[in-house]
Amino acid sequence: DVVETQEHYKSRWRSIWIMYLTMFLSSVGFSIVIMSVWPYLQKIDPTADASFLGWIIASYSIGQMVASPLFGLWSNYRPRREPLVVSTAISVAANCLYAYVHVPHSHNKYYMLTARALVGFGAGNVAVVRSYIAGATSLTERTSAMANTSACQAVGFILGPVFQTCFTLIGEEGVTWKLVDLQLNMYTAPVLFGALLGFINIILIFAIFRERRVDDMGRQCTSINFEGEESSVLDQDAEGNIDHVAVVAINVLFFVILFVFAVFETIATPLTMDMYSWTRKEAVFYNGIILSVVGVESVIVFMVVKTLSKKTGERAILHGGLLIVLVGFFILLPWGKKLPNIQWLEIKNNSIPRTVSTEMLMPFWNWQAVPPPSNHTVEPVGCPVTQSWCLNTPMIYLAQYISSDVLIGLGYPVCNVMSYTLYSKILGPKPQGVYMGWLTASGSGARILGPVFVSQIYTHLGPRWAFSLICGIVVLSLLLLEIVYKRLIAFSVRYGRMQE
């Protein structure tokens, strides 16, 4: 171990910034098409239904879940540039495939499914990014670097739909380049833009990224990965066993954190349509605004938590974040007596809509009753009578919903950053690629199971059961955190090489 040179310091942070960019592009790759997948799917393959859309959305997380441990393992034994370049190239190729899924004469929906799964597979490089940042930062730098990484990820999720909105100006038809059979329209332009960003990312990885490592105290170390003349032999500070109980506990806690946030994202649109009689367009518009505000709130929290953790420590902040999430879902429980509006029912013989309740379609800020419209093409709104709980479950007031959004938007980023930070500190100087791969995979699994869970419980049993079960899951995670609290310490602290 030697004192870090100025040249090593600058090179190390340039490489970390390239990792921030990679994380940003990974999240943009997911969110840049999320609003247009359904209309594009309907356009290229009329045989596709809403259930197949669910598989296409889930395929990204499935691909990432499979790839994360593989890329993580690769990064443990080879220079990280290799899995980074290969994964980014897979994402670029997958985006190009997505732009051409209209070309085949049949089975177009399966080509789209393949394209999104490969984009997710390429996003498995998140494990490599996190493991590099963990090894390239000292303990005092770690929380700030992990917060910046999560902030870049959040900004990517926010800006992806913004880019998509800008490309809608091209229109559905757009222009056609017959020579290469390319249709440049509002559906294909975003993914081609994503492919361009990925190509630029590959160039920057080759030009700027270098393997750099420091120990927990910030001293320059040889890389634990193979690169040129550098040794792959671990230094003496790596001696000792990882606390696998703490590792498993963080994986479980991270699964719960991603699970409840996936539930929150999934339930937003159907919940507001049922409770406030919003149309599909209103629900997408209002919830889009709310989620954008929550995204901005998350970025601010990422920045604040860097300073706060220096005073209180990561464990206490993780505990507080889980408590805030618990309160956020507890507020969503139906408490009042007022029932939601019941959706229009179609009379089979003449298709004239009628109502079950006296409260009819109005904007959410005006609850006065109106008579049934004479135009039967009006979109049915309100809580569908096919959901039997609509007839006896009190509505969730708008103030409850907004308050819950604010609290979950505060608690989730806190838990996210602290999970990654604690995890990397527990692992210490050991190669972290595979471990980070498992953590990313657990998060991907949560994003797959969360929507399935909430859609089934909410549809059949209603919000009271859905949110009560979520509260129960968060309470159990808090109990787990209490049990392992004293074990969630840095590797160097555990073996007495540093003071906590």
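Okay, here's what the table says:
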item	result
Check on Phe467, surrounded by 21 or more Cβ atoms within 10 Å (Cβ to Cβ) and among the aromatic types (Phe, Trp, Tyr)	yes
Counted residues, the range 137-190 - those being more than 30 Å from Ala316 (Cα to Cα) and among the hydrophobic types (A, V, I, L, M, F, W, C)	15
Where a residue in the range 172-185 is farther than 10 Å from Ala99 by Cβ and assigned by the TED database to the domain that holds His105 and its partner, wherever it lies, is β-branched (Val, Ile, Thr) and modelled with pLDDT of 80 or more, with Cβ under 8 Å and at least six apart	Gly174/Thr188; Asp181/Val103
Inter-residue pairs, beta-carbon under 9 Å, first open to solvent by 10 Å² or more (accessible area, probe 1.4 Å) and in the range 317-342, second among the basic types (Lys, Arg) and in a helix (DSSP H, G or I), 6+ apart	Leu333/Arg464
Candidates Leu258, Leu271 - the one that is assigned by the TED database to the domain that holds Ile396 and within 23 Å of Ala441 (Cα to Cα)	Leu258
Looking only at the range 314-346, and only at residues there that are part of a loop (DSSP other than H, G, I, E, B) and among the aromatic types (Phe, Trp, Tyr), the one that is modelled with the highest pLDDT	Trp335
Long-range neighbours under 6 Å by Cβ, at least six apart or interchain, first residue among the β-branched types (Val, Ile, Thr) within the range 16-30, second assigned to a helix (DSSP H, G or I) and open to solvent by 10 Å² or more (accessible area, probe 1.4 Å)	Ile18/Leu204
One residue from Val260, Val252, Val301, Val305 being open to solvent by 30 Å² or more (accessible area, probe 1.4 Å), in a helix (DSSP H, G or I) and modelled with pLDDT of 80 or more	Val252
In the range 271-288, residue nearest to Pro340 (Cα to Cα) [restricted to those that are small (Gly, Ala, Ser) and assigned to a helix (DSSP H, G or I)]	Ala283
Some residue of the range 156-177 being surrounded by 24 or more Cβ atoms within 10 Å (Cβ to Cβ) and outside any loop (DSSP other than H, G, I, E, B)	no
Residues that are part of a helix (DSSP H, G or I), closer than 20 Å to Tyr60 by Cα and either small (Gly, Ala, Ser) or open to solvent by 20 Å² or more (accessible area, probe 1.4 Å) (or both), drawn from the range 12-37	Leu21, Phe24, Leu25, Ser26, Ser27, Gly29, Phe30, Ser31
Top-ranked residue of the range 103-120 - restricted to ones that are crowded, with 17+ Cβ neighbours inside 10 Å and among the small types (Gly, Ala, Ser), ranked as farthest from Leu179 (Cα to Cα)	Gly120
Close pairs from the range 448-477: first in contact (Cβ under 8 Å) with a residue 12 or more places away in the chain, partner open to solvent by 50 Å² or more (accessible area, probe 1.4 Å) and not polar (S, T, N, Q), Cβ under 6 Å, at least 6 apart	Ile457/Trp465; Cys471/Phe330
From the options Leu461, Leu410, residue that is at pLDDT 90 or above and open to solvent by 10 Å² or more (accessible area, probe 1.4 Å)	Leu410
Extreme residue, surrounded by the fewest Cβ atoms within 10 Å (Cβ to Cβ), among residues of the range 470-500 that are modelled with pLDDT of 85 or more and β-branched (Val, Ile, Thr)	Ile483
Residue satisfying condition, being over 23 Å from the mean Cα position of the chain (by Cα), open to solvent by less than 10 Å² (accessible area, probe 1.4 Å) and not β-branched (Val, Ile, Thr), within set Ala123, Ala147, Ala136	Ala136
One residue from Ala441, Ala399 being in a helix (DSSP H, G or I) and open to solvent by 30 Å² or more (accessible area, probe 1.4 Å)	Ala399
Unmet requirement for Pro46, which otherwise passes all of (1) closer than 30 Å to Val454 by Cβ; (2) assigned to a helix (DSSP H, G or I)	(2)
Test: residue in the range 87-95 that is in a helix (DSSP H, G or I), open to solvent by less than 30 Å² (accessible area, probe 1.4 Å) and without any contact (Cβ under 8 Å) to a residue 60 or more places away in the chain	yes
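Residue by residue, here is whether (1) modelled with pLDDT of 85 or more; (2) hydrophobic (A, V, I, L, M, F, W, C); (3) in the same structural domain as Asn125 (by the TED database) holds:
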position	(1), (2), (3)
Val2	no, yes, yes
Lys10	yes, no, yes
Tyr20	yes, no, yes
Ser31	no, no, yes
Ile34	no, yes, yes
Ile56	no, yes, yes
Trp74	yes, yes, yes
Val86	yes, yes, yes
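The values are calculated or read from the model by the stated rules, or taken from the named source; none is laboratory data. The shown structure was predicted, so the numbers you read here are calculated from the model rather than taken from an experiment. Glycine gets a Cβ as well: all are built from the backbone with ideal geometry, and neighbour counts include every protein chain shown. We work out accessible area using only protein heavy atoms, side chains counted, and drop any ligands, DNA or RNA first. Shrake-Rupley method; radii C 1.70, N 1.55, O 1.52, S 1.80 Å.
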